[in-house]
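Readers should treat all values here as calculations from the given coordinates under stated rules, not as data from a laboratory. Every value quoted in this text rests on a predicted model; they were computed, and no experiment measured them. Neighbour counts are summed over all protein chains in view; Cβ atoms, including those assigned to glycine, are modelled from backbone coordinates with ideal geometry.
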Amino acid sequence: MKLYAQQGYGTGTGENDRITAGLAAGYIQGAIISPKDFARDRAVALMEQMQRDFPNADRLFDPQWYASILAHDPDCRMGKLVSDDYSYFEARRRPQLESEAQVRTDLEQCLSFQADIPITAAIAPGIVIRQRFNSNEAVIAKNFVRNARQVWTAVGDERPLYVTLAMDEEALQDRQALEEFLAEITILDAPPDGFYLLVHNTTSGIDPELIDPRTLAGWMLMNHSLNLNGFRVINGYSDILTPFLAAAGGAAGATGWFNTQKVFSLDRFSPPTPGGRRPVYRYLSTRLLNSIKFDELQLLRGRFPEILNGLETDQFYDPDEKGSLPDSQLQEILQTWESISSFAPDGLSPKLSACRGWIETAIQQYEQINFSPGMRLTGRSNGDHLDSLKDGLKLFAELAEVDF
Amino acid sequence: MQPPKLPPSDLTPVFPHFRGIHEIGFGGFKTVYKGTVGGVSEVLKVISIPAPDDPTDKDQIRFQEECVARVRREVAILSRCHSPFMVKLGSVPLAEHVINDFTYSIYSEEFLDGPDLWTLIKAKGALPTEGEAKQLMRCLLEAIKEIWAMRFIHRDIKPANVMKLADPYRPFVLIDLGIAFGLLETGITIQGVPRTNRYLAPEMANPNFRSSLDYRTDLYTTALTVFEYSAGKHPIAEDSDDDMRTISRALHQAARPLQTMRPDFSPAFCQLIDQLLKKKPSLRPANLDWLIAQTEI
């Protein structure tokens with residue numbers, strides 16, 4: 001299992017560059033660069049630095065083409081996507097993309113752009129499949145999938161090719177449509193090397209670990225089926241779900257420092273809404289399968305020391321000097337990356353039985369905490385996600401026809 | 001009305017160069033005869049083409065046309081096959097013959113000198129080694145690859161349609177493309193889906209199977225065949241079951257793991273067969289070259 005940085009706004013520079021810090025510490029094995037908030041020069045410079053200092057790290061570029069259908073709205077936040085830096089990006093309406101010739105043209109522009117930058121593998125564009133796998137968007141998405149290999153071959157690049165497959169979380173809940181879609185994309189005449197899976201939520205303001213069991217099961221099934229058929233699967237914005245997806249067959253997952261890099265949603269491109277507040281630093285406890293606020297950690301760590309991961313980055317949450325408050329967001333994301341990676345020691349993908357064990361342990365841990373006066377974890381830190389994970393795992397086993 | 005089975009004596013005048021014609025098999029509309037041509041054994045395949053009882057009945061006329069079309073398609077596919085693991089056509093080209101006022105489609109194939117796997121399974125002899133099971137799988141996968149390249153699906157891979165030969169270059173040969181399905185063709189089955197329920201891939205039970213069928217159906221039945229030949233027992237069906245129960249099991253009951261029947265086989269090979277027996281086509285590994293590589297001994 002590999003873990004990547006899901007790059008986005010606020011990457012930092014120099015000593016505060018989160019990606020190079022994560023690579024140097026060995027907590028991540030690559031990065032998925034997003035152009036929206038990153039100029040081409042900076043993106044290329046970062047990739048060149050990665051190439052030089054971390055030659056084994058994977059360098060991927062998410063073209064964010066899925067945002068093209070929003071780009072007609074002048075109020076939408078397209079950032080640098082609509083600058084001269086990213087000339088492949090253009091506003092598109094759905095009827096335009098119903099033309100296969102247009103799809104091929106867009107693939108050609110996007111992949112030609114990537115052929116000129118120091119990536120280790122290309123990611124072909126795609127659009128978000130809305131609601132169901134038998135929707136019009138699904139037909140368009142399949143056209144991107146079917147044509148990508150031919151176009152990449154015509155570009156003349158031999159680096160591996162992934163294809164974006166983005167879908168509404170709701171789409172993954174329709175078993176029959178999902179199975180039919182998988183049956184189609186697992187036998188392609190000109191297959192890519194792998195897929196870049198994105199599960200779209202209506203908002204990125206939700207908790208990454210709180211997922212509908214049917215969505216988790218469907219997402220895991222996609223990883224499982226694609227892997228069985230020889231494809232490598234990279235899961236974007238998978239955060240704490242990464243080990244579960246890896247247990248199903250996924251090759252990699254990704255997460256970043258803001259919630260918009262932990263949960264995939266097009267709402268980050270939507271017109272801005274007033275309000276918002278600075279996020280509170282959190283600590284990802286592998287035992288709880290959840291991130292808790294630093295002050296909750298401070299409250300609990302004396303009584304329940306087992307909620308600490310026992311990893312290097314625990315030192316950023318010093319209980320004595322700062323009440324478990326880390327110095328910076330850099331420290332917070334390093335702690336997140338190290339924790340998620342620790343689910344797969346030596347990079348080996350976890351087994352499904354291990355996933356079940358983690359959930360059972362977490363349930364017991366939450367029970368102990370919640371029965372202790374004044375210790376109950378509430379809000380995003382509570383244990384609501386555990387039933388979802390448990391049910392999702394069970395449903396996945398049923399869908400994948402595996403013993404569980 | 002279905003034409004009667006022909007005695008060999010009725011065929012001798014039609015095919016005078018065929019010597020020693022005698023019947024060796026019969027099933028459905030087809031009778032198979034063996035004979036020699038220039039000292040080489042061949043089989044004559046004689047398909048009875050049912051005549052409409054009512055010449056104005058469109059359904060009966062269509063059924064008659066379908067029977068003719070199926071045979072033509074089978075021969076057309078075989079004529080394009082070069083795989084040694086597919087049966088080859090013989091010296092008699094396909095033609096319709098009127099004999100005793102009844103119509104028959106007749107052509108010849110090579111004679112395959114060996115038992116079919118169903119005969120061997122029923123005989124309950126020594127079970128094959130893993131090497132032989134892999135050899136069987138490889139032959140069937142090579143055949144599927146060739147048929148799929150033409151965008152056809154065999155649809156009837158089963159022990160009775162696989163011949164075991166003594167030839168080390170052709171250890172197993174797949175026969176009978178009678179109900180092959182063409183992805184690029186208009187469907188020609190009007191009397192329901194023809195199938196052998198014991199070897200029914202789950203997706204074939206879907207009335208709308210035409211829209212979603214591909215060669216993974218053949219991968220499933222290949223795995224069934226390899227399993228049954230290896231274990232001497234079907235992974236799902238029971239001999240005492242009636243048709244309904246057999247179909248129900250095919251749709252809902254998980255296959256028993258091959259390793260439980262053949263603990264001497266490698267776990268990797270057993271797991272591969274088990275995975276190909278999954279109910280959902282998308283859960284069956286479909287990369288044919290990769291699958292063939294897994295059968296290396």
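Observations, loosely collected:
- Within the shell defined by Cβ-Cβ distances under 10 Å, the residues around A:PRO160 carry a net charge of -2, with Lys and Arg each +1 and Asp and Glu each -1.
- Global geometry of the protein assembly as shown, whether rounded, prolate or oblate, following the gyration tensor of its Cα atoms and the 1.5 cut on a/c: prolate
- Summed residue charge, Cβ within 13 Å of A:LEU197's Cβ, Lys/Arg positive, Asp/Glu negative: -2
- Peptide B:61-69 shows a mean partner chain C-beta count of 0 within 10 Å per residue C-beta.
- Cα centre as origin, Lys/Arg/Asp/Glu Cβ charges: region B:1-132 dipole, Debye: 240
- In chain B, a dipole from Cβ-located charges (positive for Lys and Arg, negative for Asp and Glu) runs towards its positive end, and of B:LEU251, B:ALA180, B:PHE29 it is B:LEU251 whose Cα lies farthest in that direction.
- Cα-centre dipole for the protein assembly as shown with unit charges at Cβ (Lys and Arg positive, Asp and Glu negative), debye to 20: 640
- Protection proxy ranking for A:231-242, A:383-394, B:248-259, using the average of other Cβ atoms within 10 Å per residue and placing the highest first: A:231-242, A:383-394, B:248-259.
- For the protein assembly as shown, the residue among A:THR203, B:PRO13, B:SER83 whose Cα projects farthest onto the positive side of the dipole built from Cβ charges is B:PRO13.
- Axial C-alpha extent at least 30 Å, average Kyte-Doolittle at least 0.5 - helices from chain B (DSSP): none
- For region B:225-297, the set of GluC sites (Glu not before Pro) satisfying both a DSSP loop assignment and a count of at most 15 other C-beta atoms within 10 Å is given as B:GLU238, B:GLU296.
- Gain in span if fully extended, A:VAL280 to A:LEU348, counting 0.36 nm per residue against the direct Cα distance: 21.3 nm
- Once the Cβ-Cβ distance of B:PHE26 and A:ALA24 is raised to the sixth power relative to R0 = 51 Å, the FRET efficiency obtained is 0.10.
- Reported to the nearest whole Å, the Cα centre-to-centre distance from region B:124-142 to region A:1-53 is 51.
- Cα long-axis angle, helix A:40-53 against chain A (0 to 90 degrees, to the nearest 10): 60
- All other residues whose Cβ lies under 10 angstrom from that of B:GLU296 are scored, Lys and Arg at +1 and Asp and Glu at -1, for a net of +2.
- Separation of region A:297-361 and region B:1-16, taken as the distance between their Cα centroids, equals 82 angstrom.
- Label-zone membership for region A:213-244, site B:TRP290, 7 angstrom Cα→C-beta point, backbone N under 15 Å: A:222-234
- Three-way shape label, region A:286-371, alpha-carbon gyration tensor, a/c 1.5: oblate
- Pairs from B:LYS45/B:LYS278; A:LYS262/A:LYS390; B:LYS158/B:LYS280 whose Cα-Cα separation, in the structure shown, is over 30 Å: B:LYS45/B:LYS278
- Calculated [θ] (222 nm, deg cm²/dmol) that DSSP helices of n ≥ 4 give over the protein assembly as shown, each run adding -39,500 (n - 2.57): -11000 deg cm²/dmol
- Placing unit charges on the Cβ atoms only, positive for Lys and Arg and negative for Asp and Glu, gives region B:117-293 a dipole magnitude near 240 debye about its Cα centre.
- Computed extension length for A:GLU321-A:GLU158: 53.4 nm, one decimal, from 0.36 nm per residue of separation with the Cα-Cα distance subtracted.
- Gap separating the Cα centres of region A:85-101 and region A:278-295, nearest whole Å: 40
- At R0 = 60 Å, FRET efficiency that the Cβ-Cβ distance of B:GLU238 and A:ASN56 yields, to 0.05: 0.65
- Across peptide B:279-291, the mean count of Cβ atoms from other chains lying within 10 Å of each residue's own Cβ comes to 6.
- FRET efficiency for A:ILE363 and A:ARG175, using Cβ-Cβ distance with R0 set to 25 Å, rounded to 0.05: 0.40
- For region A:254-296, trypsin sites (Lys or Arg not before Pro) are listed when DSSP marks them as loop and at most 16 other Cβ atoms sit within 10 Å of their Cβ; the list is A:ARG277.
- Helix A:329-341 vs. chain A, principal-axis angle (Cα, 0 to 90°, nearest 10): 90
- Folded to 0 to 90 degrees: helix A:352-370 orientation relative to chain A principal axis, Cα: 40
- Chain A shape via C-alpha gyration tensor axes, a/c threshold 1.5: prolate
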